[in-house]
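Laboratory data are not the source of any read-out in this text; all were calculated from the coordinates shown. Keep in mind it's a predicted model, so treat the numbers as computed, not measured. Methodologically, a virtual Cβ is constructed for each residue, glycine included, from the backbone with ideal geometry; neighbour enumeration extends over all protein chains shown.
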């Protein structure tokens, strides 16, 4: 047997657990890892392994080929037959579809491990048949899948409400040390041109009801460098330039930076964002984000992730005046409470949606995540989108609203921003 490399996340596959669930985005090597781990375990001791999926019209629809390829790579002494795989120690791999083989599935005895691949497609009825069938003492059910909808039976059963003692881990391409460069390029491209699709395909997020997404169609992730007067001048002295040349340079500069902060602790993060505006676009260049951040550590955390922020005006959540007072006395003399008014959240949303584009730097991962998830409530019975903002995924978004507060208030006047 040749050396069998596996991602670090796969180590628990070799420890006893009734349920082992690997889920997430494309490129994480979940199926590859599960196949390799099962083959190693089957070579160590005799096992009866059922490889199942919701639909299997022929052996070509199964993981048979994946297992055969791994056997060749590892040099394991398995016999690959047309419809099963055997090891000389008695280990047997069998392959079945779930939906149209209820009677056959119920009659299968002595299964040590059942591996359900592409489990996002498995129906509630299939789970109700399969789980009690895998009843041998010490038996395990391995589940690998890319999620589709939050309402899917597999996602609800094993991610939202996992069985007691289950090992459930979300993995992505970032957890795969052998991700090919071609896939890295595809991932970077999709995140750049369609962040929502990328979050589903590569990030392993469930598809969202797009009509409920507040910032849908407005944001994208892209690298950029703010244009400032200092950057345009370089080593030149402003006094050496004529009035017209300075006017042209100033017109090219972005407005900002603007800074906004939101306070949290136990479950909600403390956040700080830096943003800029230019030609009807909003640019988010930096973020600080941490749950459980002590107030006396907040200043250092903000300086680390948003360099130089202490020199600027920071508009922070005015519901926490004691936090603002503390930071003002400890190195942030220009921090102040953000203005709030009746309807300020709605006005802030209207302001954000007025931009032609909201461009988020790749280092601002939490801002991008919240831009995708920030949503209106949806009526569970009618699926109607309600004019009520869900109080979740809004910590960097709130910080953005605070940062842009004076502009938002201007935008409510008749003379401002006639676009």
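Nearest 10 degrees, 0 to 90: what angle lies between the long axis of helix 64-74 and the longest principal axis of the chain (Cα atoms)? The angle comes out at about 90 degrees. Estimated from helical segments only, the mean residue ellipticity of the chain at 222 nm is -9000 deg cm²/dmol, where each DSSP H run of four or more residues counts as -39500 (n - 2.57). Which log10 I(q)/I(0) values does region 119-234 give at q = 0.12, 0.20 Å⁻¹ under the Debye formula, counting every alpha carbon as one identical point scatterer? For region 119-234 at q = 0.12, 0.20 Å⁻¹, log10 I(q)/I(0) is -0.64, -1.17. P(r) tail, region 1-58: Cα-Cα pairs separated by more than 13 Å, 68% of all pairs.
Using the Stokes-Einstein relation with a Kirkwood hydrodynamic radius computed over Cα pairs, the translational diffusion coefficient of the chain at 4 °C and a viscosity of 1.567 mPa s comes to 52 µm²/s. Beta-bridge orientation, region 208-411: approximately 60 percent antiparallel, per DSSP, counting only bridges with both partners inside.
The angle between the Cα long axis of helix 124-133 and the longest principal axis of the Cα atoms of the chain comes to about 50 degrees, rounded to the nearest 10. Here the label points at residue 60 and residue 207, each 7 Å from Cα along the C-beta direction, are separated by 2.6 nm in the simple model. Here the calculated FRET efficiency for residue 131 and residue 280, from their Cβ-Cβ distance with R0 = 60 Å, stands at 0.65, rounded to the nearest 0.05.
Multiplying the residue separation of residue 252 and residue 384 by 0.36 nm and subtracting their alpha-carbon distance yields 43.2 nm. In region 8-179, the C-alpha radius of gyration followed by the widest Cα-Cα span (Dmax) gives 15.0, 43 angstrom. Here the Debye sum runs over all C-alpha atoms of region 208-411 as equal scatterers in vacuum, and log10 of I(q)/I(0) at q = 0.19 Å⁻¹ comes out as -1.38.
The alpha-carbon atoms of region 207-328 define a convex hull whose volume equals 162 cubic angstrom per residue. The length gained on full extension between residue 268 and residue 356, counted as 0.36 nm times the residue separation minus their Cα-Cα distance, comes to 28.7 nm. Across region 160-203, Cα-Cα pairs farther apart than 18 Å form 42% of the total.
Note: relative contact order over region 147-284, using C-alpha pairs below 8 Å and six or more positions apart, is 15 percent.
On full extension, the segment bounded by residue 151 and residue 340 gains 64.4 nm, given 0.36 nm per residue less the C-alpha separation. Counted by neighbouring Cβ atoms within 10 Å, the residues 270, 277, 144 run from fewest to most as 277, 144, 270.
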